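First up is the structure itself, then whatever we jot down about it.
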Amino acid sequence: MKKRVLVSGGAGYIGSHVTVELIAAGYEVVVADNMSNCDMTCFEGVKKITGRDDIPFEKIDCCDPAAVDKLFSDYAIDAVIHFAAFKAVGESVAEPLKYYRNNLLSFLNILEAAKSHSGCNVLFSSSATVYGEAETLPVTESTPRMPATSPYGNTKQMSEDILRDVVFATAKYDGKDGQWPVKGIALRYFNPMGAHPSALIGELPRGVPNNLVPFITQTAIGKRECLSIFGNDYPTADGTCLRDYIDVVDLAKAHVAAVSRMVEGKMKEDYEIFNIGTGRPVSVYELVTAFEKVNGLKLNYKFAPRRPGDVVAIWADTSLANKELGWKAERTLEQTLASAWAWEKHLAENA
Ligand code: UFG
């Protein structure tokens with residue numbers, strides 16, 4: 001029988017790409033989303049790409065414990081991938097309670113439900129933000145985490161720790177009193193970007209984008225006048241920050257590999273962490289010029305002061321994910337930047 005994966009936040013940017021790859025790999029998927037930061041565009045795109053009109057969609061808020069528990073009772077869930085969270089760093093600084101309440105409560109409810117239902121594995125969507133300004137690069141999973149610089153980052157660190165503690169505490173359960181062991185994996189994403197090659201799903205930022213690639217594509221299409229490159233006086237070769245940009249389809253495939261590892265009982269520890277990146281540092285300036293080159297256009301950009309809170313450089317050592325998950329980023333920077341542009345054009349054509 002096919003294994004079933006619950007994808008919370010499955011109508012969003014990464015969740016929609018993961019749903020596509022899970023279905024392609026032979027999983028049944030249940031999508032749960034409260035639609036607080038997306039519309040049905042991506043879910044409709046998922047249906048078109050997969051040719052599946054029958055993917056169960058549940059409009060629920062994971063902060064509602066009864067609704068989450070009902071979901072686990074209604075469907076036999078083998079694994080849950082938890083994306084449902086707020087993700088704007090700046091907003092989290094301005095409204096910390098909103099972030100702590102939403103991001104922590106929703107995850108606690110998912111974990112409560114997982115431990116009350118037999119055989120549930122939990123994959124948590126974490127972030128390279130947990131490393132902060134790392135002292136040695138590239139970062140491995142055992143590189144010490146630095147104090148979080150935003151409530152958003154803090155919710156990622158806290159959620160990792162909560163998952164680890166729940167896995168540890170539930171290891172002793174055997175179903176008596178309705179309590180079951182939970183196994184967990186945290187995937188630490190570097191900088192996700194790009195869109196599905198079909199251009200039917202991609203990132204849909206609300207308002208002015210915070211992240212670099214949506215800002216680039218919106219500038220290229222004329223929605224924004226000019227891209228500001230934040231800082232060109234950093235101690236890097238061209239003075240701009242270095243990041244590890246991971247294609248969203250590659251990222252989605254890492255989730256399939258991690259889910260398979262959990263449901264097939266191949267985990268080496270009951271709680272595991274993997275870096276999901278390319279292992280290749282790319283500067284902001286390099287990314288901008290690569291975008292111009294691959295898409296044959298000129299971008300209106302200027303150098304601007306540093307953005308507070310940015311780390312100078314971060315990129316992943318991905319050897320653990322390569323070895324243990326049998327996964328590796330495959331798409332080139334150029335392919336990904338072309339897909340991001342194709343998606344922006346698709347949005348303009350369908351506006
Ligand atoms: N940048 C610009 N101009 C822009 C936007 C970004 O120059 O308009 C630069 C940033 O200064 C940074 C790089 O592009 O050097 C990447 O910035 P992003 O905002 O795209 O990504 P971050 O590395 O800041 O964000 C990542 C993850 C977040 C996470 C954050 C924590 O994408 O989910 O790290 O620091 F919260």
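The values are calculated or read from the model by the stated rules, or taken from the named source; none is laboratory data. Treat the numbers as computed from the prediction; the structure is a model and nothing was measured. Heads up, the Cβs are rebuilt from the backbone with ideal geometry, glycines too, and the neighbour counts pull from every protein chain shown.
The one condition from (1) at pLDDT 95 or above; (2) more than 14 Å from the chain's Cα centre (by Cα); (3) within 25 Å of V311 (Cα to Cα) that N210 does not meet is (1).
Is at least one residue of the stretch 111-132 under 24 Å from L320 (Cα atoms), in contact with a Ser or Thr (Cβ under 8 Å, 6 or more places away or on another chain), surrounded by 15 or more Cβ atoms within 10 Å (Cβ to Cβ) and small (G, A, S)? There is at least one residue in the stretch 111-132 that is under 24 Å from L320 (Cα atoms), in contact with a Ser or Thr (Cβ under 8 Å, 6 or more places away or on another chain), surrounded by 15 or more Cβ atoms within 10 Å (Cβ to Cβ) and small (G, A, S). Note on the stretch 273-309: residues that are hydroxyl-bearing (S, T, Y), surrounded by 16 or more Cβ atoms within 10 Å (Cβ to Cβ) and in a helix (DSSP H, G or I) amount to 1.
For the condition away from the ligand (no atom under 16 Å from the Cβ), more than 30 Å from V93 (Cα to Cα) and of a type in the set (A, V, I, L, M), L299 does not qualify. Every test in (1) within 12 Å of the ligand (Cβ to nearest atom); (2) surrounded by fewer than 16 Cβ atoms within 10 Å (Cβ to Cβ) is passed by A237 save one, and that test is (1). Looking at the stretch 135-148, can you tell me whether even one residue there is assigned to a helix (DSSP H, G or I), free of Cβ contacts under 8 Å to residues at least 40 places away in the same chain and either touching a His at 6+ places or on another chain (Cβ under 7 Å) or within 13 Å of the ligand (Cβ to nearest atom) (or both)? Checking the stretch 135-148: not a single residue is assigned to a helix (DSSP H, G or I), free of Cβ contacts under 8 Å to residues at least 40 places away in the same chain and either touching a His at 6+ places or on another chain (Cβ under 7 Å) or within 13 Å of the ligand (Cβ to nearest atom) (or both). Quick one: what pairs do we get from the stretch 206-222, first residue at positive phi, second within 11 Å of the ligand (Cβ to nearest atom), C-beta under 9 Å, 6+ apart or different chains? As it stands, the answer is none, since no pair meets every condition given.
Scanning the stretch 108-134 for residues being assigned to a helix (DSSP H, G or I) and within 16 Å of the ligand (Cβ to nearest atom) gives a total of 4.
Out of the residues in the stretch 190-231 meeting the condition of being among the small types (G, A, S) and part of a loop (DSSP other than H, G, I, E, B), tell me which one is farthest from the ligand (Cβ to nearest atom). The selected residue is S198. Taking the criterion of being more than 12 Å from F83 (Cβ to Cβ) and of a type in the set (A, V, I, L, M, F, W, C), the residues of the stretch 10-41 that qualify are V20, L22, I23, A24, A25, V29, V30, M35, M40.
Surrounded by 19 or more Cβ atoms within 10 Å (Cβ to Cβ), basic (K, R) and more than 15 Å from the ligand (Cβ to nearest atom), is that true of K172? Answer is no for this residue. Among the residues making up the stretch 329-344, those that are surrounded by 15 or more Cβ atoms within 10 Å (Cβ to Cβ) and among the charged types (D, E, K, R) are R331, E344.
So which residues in the stretch 240-256 are part of a helix (DSSP H, G or I), within 15 Å of the ligand (Cβ to nearest atom) and touching a helix residue (DSSP H, G or I) at 6+ places or on another chain (Cβ under 6 Å), if there are any at all? Selection gives V248 alone.
Residue pairs whose Cβ atoms lie under 6 Å apart, sitting 6 or more positions apart in sequence or on different chains, and linking a residue in the stretch 18-38 that is on the phi < 0 side of the Ramachandran plot to a partner that is of a type in the set (F, W, Y), are V30/Y75; V31/F57.
Condition check ((1) within 16 Å of the ligand (Cβ to nearest atom); (2) modelled with pLDDT under 95) across all residues:
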site: M262; (1), (2): no, no
site: I273; (1), (2): no, no
site: I276; (1), (2): yes, no
site: F303; (1), (2): yes, no
site: G309; (1), (2): yes, yes
site: D317; (1), (2): no, no
site: G326; (1), (2): no, no
site: R331; (1), (2): no, no
site: T336; (1), (2): yes, no
